[in-house]
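The values are calculated or read from the model by the stated rules, or taken from the named source; none is laboratory data. As the structure is a prediction and not an experimental result, all values here were calculated from the model. When we count neighbours, we look across all protein chains shown, and the Cβ atoms used for this are built from the backbone with ideal geometry, even at glycine.
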Amino acid sequence: MQNTLALGGLNEMGVPSGNATLQLALTQRLLSQTKPPGSLGVLESLGLRLGLLQGTLSPSVERARICVFAGSHGVACAGVSAFPSEVTPQMVANFLAGGAAVCVLARAAGAELHVVDVGVEGANPDWKQTATFFARSQGPGTHSFLETRAMSSDACDGALAAGREQVQLALKEGIQVIGIGEMGIGNTTAAAALCAALLPAPPDAITGRGTGVDDAGLARKRAAVRTALELHATPLTGSHAARHWLESVGGFEIAAMTGCILAAAEARLPIVVDGFIASAAALVAARLEPAALEVCFFAHQSAESGHALVLHALGATPLLSLGMRLGEASGAALALPLLKAAARLLCEMATFESAGVHSGAGEPHAL
């Protein structure tokens, strides 16, 4: 049982706390199935985690939803992105039209897609509240954290609430797993500053090229992160520091994803965390509530340079590594079928006894 439980990084990720009897029963089911023990690797640990989170021997994540949170960033005016700020509302329109990568991948995964505007500058007034679009703007983007705090405490609360709302809706509507991601030009700079402060980590090590900035753009990004760390330095620690840095250098979409993770943890709802920026939200959530990581499944390791540092600090083992750095929950959408497969294997795979297959110990079982 010890070896089975260690599969797929469960020791690193942490087995969800709770029912020891259920954990034993899930482990025994995995050991009784028609395969060598541990031969399905990470899929076995995923099934175990899902069963423990849902409190059942028969977990299911067939009903999935992707939530993309969008927000603009004041720091974008410092030339830290290869794209202008206008791309943020343009991409929201692309999401709503079904043409973005995450739209395609969500459809391929059989997942619903929700888009949440938590503060997009230049938002189209024709974007009306629908069953899948949520206007929850906390303002026309954050302030530049090179001059002042990115957001007020009230705006941060509003963004956190927008994320929590998506979990409440998911629970009401029978959704069994959520994937989270974001859109916001400038948000890799915000995430780098946030993670550099909270880990802590050297700004140059955690700040990457994001949308593909050239060497001059990368130098501006790194300088912006260093300036932010100096301007907003604080003696606060723990959860107080996490809240301080979220307000000081974060983004509305980062705060919304943080709220989503915190609410998912309270409900023990599995949540698939996308890439670097979503992982920055997970870092904040973990500093606010360490148990929040129990529900987090990290979709992939982004090509963004700081992501590996954040995953290591969280003790997280990503499910995929495909050289992606798009964001917008694209990695989360790709990881969802792995969770579905893990749950189905646990529930549907025959045991040695039921299939009449020799277990490798003693005589073959009878049909």
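Counting only residues that are within 17 Å of R63 (Cβ to Cβ) and in contact with a strand residue (DSSP E or B) (Cβ under 8 Å, 6 or more places away or on another chain), how many does the stretch 261-281 have? Qualifying residue count for the region: 5.
Taken as a whole, the structure places Q138 among residues that are closer than 24 Å to V87 by Cβ, out of contact with any Ser or Thr (no Cβ under 8 Å at 6 or more places or on another chain) and at pLDDT 95 or above. Among the residues of the stretch 78-119, those identified as assigned to a helix (DSSP H, G or I) and either modelled with pLDDT under 95 or small (G, A, S) (or both) are A78, A93, A97, A101, A106, A108, A109.
Considering (1) out of contact with any strand residue (DSSP E or B) (no Cβ under 6 Å at 6 or more places or on another chain); (2) buried (at least 24 other Cβ atoms within 10 Å of the Cβ); (3) over 21 Å from R325 (Cα atoms), say which one P37 fails and leave the rest. Of (1) out of contact with any strand residue (DSSP E or B) (no Cβ under 6 Å at 6 or more places or on another chain); (2) buried (at least 24 other Cβ atoms within 10 Å of the Cβ); (3) over 21 Å from R325 (Cα atoms), only one is false for P37: (2).
Just one of (1) assigned by TED's automatic domain parsing to the domain that holds R136; (2) touching a residue at least 40 places away in the same chain (Cβ under 8 Å) trips up G47, so point out which. The number of the failed condition is (1).
Among the residues making up the stretch 325-351, those that are in the same structural domain as F69 (by TED's automatic domain parsing) and not in a helix (DSSP H, G or I) are R325, L326, G327, E328, A329. For the stretch 307-327, filtered to residues that are in contact (Cβ under 8 Å) with a residue 60 or more places away in the chain and on the phi > 0 side of the Ramachandran plot, the residue that is surrounded by the most Cβ atoms within 10 Å (Cβ to Cβ) is G327. Within the stretch 56-108, being within 19 Å of Q166 (Cα to Cα), in contact (Cβ under 8 Å) with a residue 24 or more places away in the chain and among the hydrophobic types (A, V, I, L, M, F, W, C) holds for V61, A64, I66, C67, V68, F69, A70, V92, F95, L96, V102, A106. In the condition set (1) closer than 16 Å to Q166 by Cα; (2) in contact with a Lys or Arg (Cβ under 7 Å, 6 or more places away or on another chain), E266 is compliant with all but (2). For the criterion of being modelled with pLDDT of 95 or more, β-branched (V, I, T), outside the structural domain of E348 (by TED's automatic domain parsing) and in a helix (DSSP H, G or I), V75 passes. Candidates in the stretch 173-190 are the residues that are in contact with a His (Cβ under 9 Å, 6 or more places away or on another chain) and not β-branched (V, I, T); of these, the one that is nearest to A333 (Cα to Cα) is G184. Scanning the stretch 255-306 for residues that are at negative phi and in a loop (DSSP other than H, G, I, E, B) yields a count of 12.
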